[in-house]
Amino acid sequence: MRIQEISIDGFGKFHNYHTYLSNGIQVIYGKNEAGKTTLRQFMIAMLFGLEKGRGLAARNDVYSRYIPIHGGKYGGTMVLCHDGETWRIQRDFLAGQQEVRLFREKTMEEIPLYSQTLENVLFQSSKDAFENTVSMTQMDIRTGREMQQILKNSMANLSRSQDAKLDIGKAVEYLKLKRRQRKKDPIFTKTIQLRQRLLEFSFSSEELEKYQREEERLEKKLSEEKTYSIFQRILLFIKKMFGVDEESMQRREILHQLEIVQLNKKHLLEKRDQQDQLKQQYQQSLKQRKEAEQEIYAMEQAVKAIETAAENIQKTFGEELNEKLSEIFLTMTGGSYQNAVMDASMNFMVKKDFDYIDMKYLSNGTMEQLYFALRLSAAELLYAEDGFPLFLDDVFGNYDEERIQKTLLYLDTKNTRQVFLFTCRQEMLKILEKADIDYHLISL
């Protein structure tokens, strides 16, 4: 990627400002308060946008800091070359109507942007990845936890698609959260409760069979045709004459017994239906619990698989990173060291002569060169296709002249990226000229 020109309508102290840029090293030179950092922030904002903070945080956020002082629309234009095409980016940063538009410079064909971002359209890197690799200031050159997380996330990207947004830590934490939530699923408690109710449920199939037999016996008794002798018939007739219907009384007694039996039987049948329904609920609950357990198991296996894969990739990538780190650091220091290594906690050791030296024994200048080399290594291995320029804002504060010269020679001869060197130090220009390094000067 090469930034060819920038035009600022309004951004901080800049108003109706335009400049062309060249390949190689660009030196943006000016005294303190000249606008070097403002220009740097403008170019970064043109790539990634500018969000307005909320509440108290909005008072001192980047958005508020660079609201135009001398008028003009809050925004501007950037022309850059990337992937063999020349692109024109237009942005309006004004809160409430922020807009980004992307055009092919030759035809001014507008490229549809379905969200207000160039990420995953013009390049793949996130702003976090950008600021932890190719964008450096004296204050943040010593990368910390953010850089460590960027490396871990990127190393965990199994597809190696250069998508730094894949956050392995967040992915694992998300799975663990879902697992905890699934373990709290009411189905586990419900299954226990249904099982307890089944154990306590009082239904006897033997008792039901007893009532069914009794019902059949009584119904049979009612349907039986009784045979009487002549004498018995005479007795029955006499009793009826005196108001005593013995036959009807016996029948009513049987009907009463039958009614009681049928009521008891009905009650037991209802209990059996309740038990069957309870069994169905319990079986359904068991099925749902099994599904939940399988999901929990699958999430646990996924966490293990991701963590194992991440460890393997981190090991492999860590070796690649150390090789690249050593290559850049050794070239940058003119072969003063034979090797440089970094562990997972970002602790460095460098080999000089026949022994390794722990980072705590290294000078500030050497340490900052190591971090500088680390950022370049990460950018080369993880975001090479984006090819962002290097944004270096007075990063050589702890370098002596020889160290600066060697670093600049590396950037001139070995580095393929466009370089923006923001400085207030006039001696930087002298060092470039002394080393016979071509550069494009922009004085503010």
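Output the helices (runs of 4 or more DSSP H) that fall wholly within the range 139-210 and possess 2 or more residues being under 30 Å from residue 261 (Cα atoms) and at pLDDT below 85, or say none. I'd like the intermediate steps shown before the answer.
On the way: elements: 145-155, 168-183, 186-200.
Output list reads 186-200.
In the range 255-277, the qualifying residues are those that are among the aliphatic types (A, V, I, L, M) and surrounded by 16 or more Cβ atoms within 10 Å (Cβ to Cβ), and the one that is farthest from the chain's Cα centre (by Cα) is 258. Just one of the numbered conditions (1) farther than 28 Å from residue 431 by Cβ; (2) acidic (Asp, Glu); (3) touching a residue at least 60 places away in the same chain (Cβ under 8 Å) is not true of residue 5: (1). Which residues, counting only those in the range 5-62, are out of contact with any helix residue (DSSP H, G or I) (no Cβ under 9 Å at 6 or more places or on another chain) and assigned to a loop (DSSP other than H, G, I, E, B)? Result: 21, 22, 23, 31, 32, 33, 34, 35, 54, 61.
If I ask for residues that are among the small types (Gly, Ala, Ser), without any contact (Cβ under 8 Å) to a residue 24 or more places away in the chain and on the phi < 0 side of the Ramachandran plot, which ones from the range 50-107 would you list?
Across the range 50-107, the qualifying residues are 53, 57, 58, 64.
Please count how many residues of the range 345-355 are free of Cβ contacts under 8 Å to residues at least 60 places away in the same chain and either exposed (fewer than 15 other Cβ atoms within 10 Å of the Cβ) or among the acidic types (Asp, Glu) (or both).
Residues of the range 345-355 that are free of Cβ contacts under 8 Å to residues at least 60 places away in the same chain, as a first pass: 347-355.
Filter once more, keeping what is either exposed (fewer than 15 other Cβ atoms within 10 Å of the Cβ) or among the acidic types (Asp, Glu) (or both): 347, 352-355.
Number of matching residues: 5.
Residues that are over 35 Å from the mean Cα position of the chain (by Cα) and farther than 15 Å from residue 326 by Cα within the range 342-354 comprise just one, 354. Is at least one residue of the range 378-390 touching a Phe, Trp or Tyr at 6+ places or on another chain (Cβ under 6 Å), assigned to a helix (DSSP H, G or I), in contact (Cβ under 8 Å) with a residue 24 or more places away in the chain and farther than 20 Å from residue 36 by Cα? Checked the range 378-390: no residue is touching a Phe, Trp or Tyr at 6+ places or on another chain (Cβ under 6 Å), assigned to a helix (DSSP H, G or I), in contact (Cβ under 8 Å) with a residue 24 or more places away in the chain and farther than 20 Å from residue 36 by Cα.
The values are calculated or read from the model by the stated rules, or taken from the named source; none is laboratory data. All figures in this text were calculated on a predicted structure; none of them were measured in a lab. When we count neighbours, we look across all protein chains shown, and the Cβ atoms used for this are built from the backbone with ideal geometry, even at glycine.
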